[in-house]
1. For the pair Phe532 and Lys111, how long in nm is the line joining their label points, each one 7 Å along Cα→Cβ?
2. Give the shape of the range 304-365 as rounded, prolate or oblate, defined through the alpha-carbon gyration tensor: a ≥ b ≥ c are the square roots of its eigenvalues, a/c under 1.5 means rounded, and otherwise the shape is prolate if a/b is larger than b/c and oblate if not.
3. Report, to the nearest whole %, how much of the accessible area of the range 238-377 belongs to carbon and sulfur atoms, 1.4 Å probe, protein only.
4. Bin width 10 Å, alpha-carbon pairs only: give the P(r) of the range 250-343 as whole percents, running from 0 to the bin holding the largest distance.
5. Which FRET efficiency value, to the nearest 0.05, is calculated for Asp182 and Asp304 with the Förster distance at 56 angstrom and r the Cβ-Cβ distance?
6. Rounded to whole Å, give me the distance from the Cα center of the range 111-176 to that of the range 258-272.
7. Set the Förster distance to 41 Å, then compute FRET efficiency between Leu397 and Trp479 from the Cβ-Cβ distance, nearest 0.05.
8. Express in % the proportion of alpha carbon pairs of the range 233-297 at distances exceeding 14 Å.
Amino acid sequence: MDTRRLMLLGVFLFSLFMLWDAWQKAQHAPVAADAAVSASADGAPVAVRQSRDGAPIPEATRNLRGAGQQAEVLASALPEDAPAESIFVETDLVRAEISTRGGDLVWLGLKNYQANGQGEDKEPFTLFSDVHLYHAQSGLIGGEGAELPNHKTFLVALPGPRDLADGADTLEIRLAAPLMDDVRATKVYTFHRGSYLIDVSWEIENGRDAPLTPDAYFQLQRDGESPEGKSFFLVTFTGAAVYTDAGKYQKVSYADIVKGEARFARQADDGWLAMVQHYFVTAWAPQGDTLREFFMRKIGQTKDGHDLFTAGVILPVDRIASGQTGKISVPLFAGPQEQSALKAVAPGLDLVVDYGWLHIIAAPLFWVLEFINKLTGNWGWSIVVLTVLIKLIFYPLSAASYRSMAKMRVLTPRLMQLKERYADDKAKMNQEMMKLYQTEKVNPLGGCLPILVQIPVFIALYWVLLGAVEMRGAPWLLWIRDLSVADPYYVLPVVMMASMFVQIRLNPTPPDPIQAKMMLIMPLVFGVMFFFFPAGLVLYWVVNNLLSIAQQWHINRMLDPVHKAKQKQAANDQNI
């Protein structure tokens, strides 16, 4: 098998991997279901209990205290005509809307991220909204038969500031629940300056004669649709995730929840639960080692026919004696997938930046890219510098590959002669070709193997550039104003196609006419794919191709005179 065939095989395998990866992720895309039923882990229907107000109720409150069974939560749709007031909040990083119905966080805009990247649209990117019915909800359950407020109970907003004051580090929003069975509860949101972390607390005053041991639930509601729509070429994960020290990071697709095939840690004394989408994440991150139960369920469908889900965590509230006040608080992170910020919130939360099975390679690559950006101040130029560094690191391997291809380029005419001479005797042809390889000291595998070694790094960098929220809205130069979206004028994809054609011209022509035609078609196929890729990804490939062309041209120029001299000497020896 000649070098060009091996190269073609390598490129084909790489392309096949990318298509397989996209297909695998597409299999986890949300699917519609006609019925909204609860299912246990093995797919069997299970009964779900409900309080008088429709609040979530654990299968047994004692489960949280060691029974080891999964809690089930029911969050039915709110009545359309239910009146509710809105509380509008603003800090240095976010704008938020809190509904008095349950005190739900129903709208959240991120001021540092525009809705459509950079451009004339100055509207903030909305994470929570009614577009996907994406809300953060919480409430109280259990309590020895006491009726407690939940995410459907009407609360009253207490007086206080709604905007983060200059010089203030925190902003507190308090909502009081009505007195229920001699229990008074207050829901408190605490926003922090310079942070996407929001503390969500319940203060519970027990006016009963007996002690109170309620549980608190904190959940996220969302439909199962991807925020950016479906793309065959760029498929990113949208779904739920759970992390525990024992189970580590576990992704759960909405489709698996519908089918009752969701596999995740149900109980643990640590960990967090999140809903993940491209570039952004929302996570409940309880602190301490309190035993907690994680749950995920389909609860119905939206008006548009999309499946609606909830995922959350249930925690026990410490025993509240009669006449005393108890409190439970859980941090809610709702913001971009900035790895440094995620690591500070909870262990393992940075894993929501999904690098796939090459995380061990991708994570250091992003660290280097981030370090370079601190020096350049431009993510586009940082990609260029990182590409050059990777090329320098792999220079010995790529140089060996290009030398082999350059030698094969010189031998191609002689190989063609052997194919024509022994067209009817393939065994003899292969024997003569191997003899020629040995005489010229050419390894037909030498051009392909070094390239195969580098492929994992290329794939890892692909995932880094695809998943880094830092690319969103980041300009490079001239018309490239956002590295996370496709080149608006398709200049970079066209340059990449042209560079691939040049590379083909520098390499030896495959003896097989079919292979030669396939090599000419490849730039067109890749070019069509890269028309849909983010500009940052295409920029990396363009720079890599240009460096490869320069290296291949230099090696060809060095080796050609040597082989010409050898050929001339051989001709002279034959004449003598």
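The values are calculated or read from the model by the stated rules, or taken from the named source; none is laboratory data. Please read all numbers here as calculations on a predicted model, not as lab measurements. All Cβ positions, glycine included, derive from the backbone under ideal geometry; neighbour counts span all protein chains shown. Side chains are part of the model used for accessible areas, which takes the heavy atoms of the whole protein and leaves out ligands, DNA and RNA. Shrake-Rupley method; radii C 1.70, N 1.55, O 1.52, S 1.80 Å.
1. Label-label distance for Phe532 and Lys111, simple model: 3.7 nm.
2. Details: a/c = 3.33, a/b = 1.74, b/c = 1.92.
Oblate is the answer for the range 304-365, as a/c is 1.5 or above yet b/c matches or exceeds a/b.
3. Answer for the range 238-377: carbon and sulfur cover 51 percent of the accessible area.
4. 13, 37, 33, 13, 3
5. On the way: r = 43 Å, r/R0 = 0.77.
In this case the efficiency is close to 0.85.
6. 26 Å
7. Values: r = 35 Å, r/R0 = 0.85.
After rounding, the FRET efficiency stands at 0.75.
8. 57 percent
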